[in-house]
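**Q** If you scroll down you'll find the structure; I have some questions about it.
The values are calculated or read from the model by the stated rules, or taken from the named source; none is laboratory data. Worth saying up front: this structure is predicted, and the values here are computed from it rather than measured. Glycine gets a Cβ as well: all are built from the backbone with ideal geometry, and neighbour counts include every protein chain shown. Accessible surface is based on the protein model in full, side chains and every heavy atom, while ligands, DNA and RNA are left aside. Shrake-Rupley method; radii C 1.70, N 1.55, O 1.52, S 1.80 Å.
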Amino acid sequence: MQPSLMGQRRSPTPFASQAKRIDHHLFQPISYSRSVSFTPSLTLRIQQWRAALNILSDISYSSARRRSLVIVKSHMAATDEKPVSEDRMLVYVPPHSLIKHWVSVLRNEQTPCPIFRSAMAELGRLLIYEASRDWLPTVTGEIQSPLAVASVEFIDPREPVAIVPILRAGLALAEHASSILPATKTYHLGISRDEETLQPSVYLNKLPDKFLEGSRVFVVDPMLATGGTIVAAVNLLKERGVDNKQIKVISAVAAPPALQKLSENFPGLHVYTGIIDPTVNDKGFIIPGLGDAGDRSFGT
């Protein structure tokens, strides 16, 4: 028997209302132990992390309207806390052991190209799964199981979901998106960065002239370093009718400069990343990061 969908559409629960704020002093990348003796370099790394997290929690802007971001560690609802303001950009770092595992594989300079690309794809699968939680509208109805009639709930195929990987490294991170999301369209976007000026340049744009009303868009960019590329990508989406709150950014590693630019320009945006690193060097690479994600994914 075919599913009987009664057209009862459920709007996803507002994500921000379920978010828990995480104080920056609780978000530590290193587990301390009495048996551990920190070297000077490791002590410096810890200080860099703390400095970076202080930047994220104390961002101020010269614009008349103050905007900020919140780092979130859990989806669990907090009944004793106020909902996160819609004017704040939300940065979500999933505390999942598998995400930490794949980030660690990607960091290792000894990881060969095929394993690196596979690890990037697995990390993308997990991040997209987390990002789609409570975000996709559903329809309810009844269906005949082998034993009885059952109430069911399906993702509404009438609501468009788009994947926008930023070439070329975004292809690896978005490789398993179709295995997570039941119905999607993929629009490729190629943006290169000038090695001297670090300014972005669009060389391929397969975005539609206009996205359908209500479209939900995942923008997939593994490395959020200086922020130039991801800001250019989100601006292209907004020019085509997509609201900030209808966009979710998926990245493997993010750094404060990119997060600050996104927060300044796109209040209400949601960013999902495997980890936040503290700094970006003068060549625009995240430190410690994982190197050039495109080169390591494709071996060229």
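**Q** With (1) surrounded by 15 or more Cβ atoms within 10 Å (Cβ to Cβ); (2) touching a Pro at 6+ places or on another chain (Cβ under 9 Å) as the list, and L237 as the residue in question, which single condition is left unmet?
**A** With respect to (1) surrounded by 15 or more Cβ atoms within 10 Å (Cβ to Cβ); (2) touching a Pro at 6+ places or on another chain (Cβ under 9 Å), L237 is out only on (2).
**Q** Of all residues in region 105-155 being within 27 Å of R216 (Cα to Cα), out of contact with any strand residue (DSSP E or B) (no Cβ under 7 Å at 6 or more places or on another chain) and of a type in the set (D, E), which is modelled with the highest pLDDT?
**A** Residue satisfying both the conditions and the ranking: E122.
**Q** Being basic (K, R) and open to solvent by 50 Å² or more (accessible area, probe 1.4 Å) is the filter; apply it to region 248-288 and report the residue that is farthest from the chain's Cα centre (by Cα).
**A** K283
**Q** Out of everything in region 117-150 that is more than 13 Å from the chain's Cα centre (by Cα) and among the charged types (D, E, K, R), what residue ends up being farthest from I180 (Cα to Cα)?
**A** So the residue we want is E142.
**Q** If you take the residues in region 88-116 that are more than 16 Å from D292 (Cα to Cα) and among the β-branched types (V, I, T), which one is farthest from the chain's Cα centre (by Cα)?
**A** I99
**Q** I'd like the full set of residues that are outside any helix (DSSP H, G or I) and crowded, with 17+ Cβ neighbours inside 10 Å, limited to region 96-115.
**A** Within region 96-115, T111 is the sole residue that qualifies.
**Q** Working only within region 289-299, note down all residues that are within 19 Å of the chain's Cα centre (by Cα) and assigned to a loop (DSSP other than H, G, I, E, B).
**A** The answer is G289, L290, G291, D292.
**Q** Filter region 194-220 down to the residues that are closer than 18 Å to K283 by Cβ and in contact with a strand residue (DSSP E or B) (Cβ under 6 Å, 6 or more places away or on another chain), then identify the one that is modelled with the lowest pLDDT.
**A** Residue satisfying both the conditions and the ranking: S201.
**Q** Another question, then. Being touching a Lys or Arg at 6+ places or on another chain (Cβ under 7 Å) and closer than 25 Å to L90 by Cβ, is that true of even one residue in region 190-204?
**A** yes
**Q** Still on this structure, please answer the following. Is there a residue being crowded, with 20+ Cβ neighbours inside 10 Å and touching a Pro at 6+ places or on another chain (Cβ under 6 Å) anywhere in region 193-212?
**A** There is no residue in region 193-212 that is crowded, with 20+ Cβ neighbours inside 10 Å and touching a Pro at 6+ places or on another chain (Cβ under 6 Å).
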